[in-house]
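Written out below as structure tokens is the structure these notes cover.
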Amino acid sequence: MAFKKNILCIGAGYVGGPTMAMIAYKCPQHKITVVDINPERIAQWNSDNLPIFEPGLDEIVRAVRGKNLFFSTEVEKSINAADIIFVSVNTPTKTFGVGAGMAADLQYWEKTARQIVKCSDSPKIIVEKSTLPVKTALAMERILISNKSDFHFDVLSNPEFLAEGTAINDLENPDRVLIGSRLTESGLKARNELVDIYANWVPEDQIITSDIWSSELSKLVANAFLAQRISSINAISALCEQTDADITNVARAVGVDSRIGNKFLNASVGFGGSCFKKDILNLVYICRHYGLNEVADYWESVIKINHYQKERFVTNMLGAMFNSLAGKKIALLGFAFKADTGDTRESPAIYIAERLVEERAELIISDPKAIDNAKTDLKHLNNKIKYIEDPYAATDECHAIAIMTEWDLYRTLDYQKIYNSMIKPCFIFDGRNVIEHKRLFEIGFNVYPIGKPAMTHFEHS
Ligand code: UDX
Ligand code: ADP
């Protein structure tokens, strides 16, 4: 069958892979190719063992791979054949030079732009999918135009709002699809081509169009607002622990106000993931660039509170366990930055593991999907850490448990059995408020939730 359009995605990561699988699934009339410079990753996408764990992804990939979805390492050849190119390469925070620790590192992204120019023999629509600083499209346009004037390139911004763990549902039923373009005749025409693709399954009133700069900025702002909600509730959790208030009750009472809403109010050990910190740092950097220091300070405080929450968790553990963790066995249940993903990027568990090792605890890390990533994140400490997937074996003869990820599995473990195998007094620190605190207290655990009074068997002095 002849396909109507050749769509290419450069970058087969957490965003590119699932997004293109969904487009292929919903648009059998188009051919979708996903390329990556990493041959191992492409081999995994072509195997039964996909490189990322995402509920529902396997089924969709299986349904379309080899029909209208193809994974390949042939970046240059695929560029030439494409009508529309999504760019979904990584844009980590810079680790060197000007803006280190703050600005986005655009080297992969710029290389891609140059490669597109080099390999193109026809006009193309270029779609920014990666989260990028505002005005990146301008730089993209400049690279595309300066090198070759024969062909016209239209650059669109189409930020992805999927969250890991729920990516398939987020892609299939998005709150909105956002497309930013130049408001020129050719920009609007390109925009409409992309609208037509999404309109195969997304109601048109949920496809929002705007100028390109607003689209780029909206992605940063959406993530900054989401992260701000978590830092807000986490800041209040510290106060709850001091005042015998219960963060769950506070969140419920606050969240029923329809102006506030009840989502994203779960106090936790801190937010992680590849986006929140990076995007806020980006926002902060841009604000400082324009001399908006008060605005920059305001958003930076969201990250500061997140750091404070992680450190507070460690100091709470230390305080509860008689100010010494040296030689004590502590099991971390969960290492992924959230449930239903194996992704550990910016996971709060990384910082907490490092701090606990610094306190000379003996660490055992358990997670149903993230052990391989944990080993990579903590390779500098691997002689000091054990990795055991089975939670019962991981907690055997431990002094304490710290829950890092809200995997459903941890709600239903046989905690009596775990208690029996642990060293007494037993401590459990629930960084996600997922266990039944009262029941565990009754079993004999000393229980330390987030934002709720601790339940201990010790006499109060
Ligand atoms: C986020 C945005 O939600 C998504 O729209 C964007 O495209 C990418 O960044 P993601 O990082 O995959 O998605 O997961 P998300 O569900 O937002 O969770 C981020 C972090 O916040 C996780 O560590 C999670 O555990 C934490 N979190 C979330 C809380 O601590 N409390 C909450 O109430 C919600
Ligand atoms: P995200 O979470 O944004 O999807 P990932 O790091 O999971 O980020 O994926 C980005 C992918 O982009 C990686 O697999 C990386 O190998 C790929 N990549 C980076 N630069 C290029 C490039 N120039 N050409 C093709 N793929 C690239």
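Miscellaneous remarks
- Filtered residues of segment 209-220 (kept if touching a Lys or Arg at 6+ places or on another chain (Cβ under 7 Å) and either under 27 Å from K31 (Cβ atoms) or in the same structural domain as M20 (by TED's automatic domain parsing) (or both)): T209, I212
- The residues of segment 133-186 that are at pLDDT 85 or above and either touching a His at 6+ places or on another chain (Cβ under 7 Å) or among the aromatic types (F, W, Y) (or both), listed by number, are F153, F161, S186.
- Of N446, N383, all but one fail to be among the polar types (S, T, N, Q) and over 18 Å from F335 (Cα atoms); the exception is N446.
- In segment 41-59, the residues that are out of contact with any Pro (no Cβ under 8 Å at 6 or more places or on another chain) and either away from ligand 2 (no atom under 15 Å from the Cβ) or under 19 Å from A370 (Cβ atoms) (or both): S47, D48, N49, L50, P51, F53, P55, G56, D58, E59
Residue-wise test of (1) outside the structural domain of I423 (by TED's automatic domain parsing); (2) free of Cβ contacts under 8 Å to residues at least 40 places away in the same chain; (3) hydroxyl-bearing (S, T, Y).
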{"residue": "V302", "(1), (2), (3)": "no, no, no"}
{"residue": "G327", "(1), (2), (3)": "no, yes, no"}
{"residue": "D340", "(1), (2), (3)": "no, no, no"}
{"residue": "E346", "(1), (2), (3)": "no, no, no"}
{"residue": "N383", "(1), (2), (3)": "no, yes, no"}
{"residue": "Y387", "(1), (2), (3)": "no, yes, yes"}
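- Within segment 306-352, the residues that satisfy the criterion of being over 24 Å from the mean Cα position of the chain (by Cα), part of a helix (DSSP H, G or I) and not hydroxyl-bearing (S, T, Y) are N316, M317, L318, G319, A320.
- Of the residues making up segment 266-323, those that are more than 16 Å from ligand 2 (Cβ to nearest atom) and acidic (D, E) are E294, D297, E300, E311.
- T209 vs. criteria at pLDDT 95 or above, in a strand (DSSP E or B) and buried (at least 16 other Cβ atoms within 10 Å of the Cβ): yes
- Matching residues in segment 251-272 - criterion: being in contact (Cβ under 8 Å) with a residue 24 or more places away in the chain and either crowded, with 23+ Cβ neighbours inside 10 Å or β-branched (V, I, T) (or both): A267, S268, V269, G270, F271, G272
- Being surrounded by fewer than 16 Cβ atoms within 10 Å (Cβ to Cβ) and touching a Lys or Arg at 6+ places or on another chain (Cβ under 7 Å) holds for only one residue in G342, G319, G291, G327, and it is G327.
- Going through (1) closer than 23 Å to V357 by Cα; (2) of a type outside the set (G, A, S); (3) part of a helix (DSSP H, G or I); (4) touching a strand residue (DSSP E or B) at 6+ places or on another chain (Cβ under 7 Å) one by one, F441 falls short only on (1).
The values are calculated or read from the model by the stated rules, or taken from the named source; none is laboratory data. For clarity, every value in this text was computed on a predicted model and none was experimentally measured. Backbone-built Cβ (ideal geometry, glycine too); neighbour counts: all protein chains shown.
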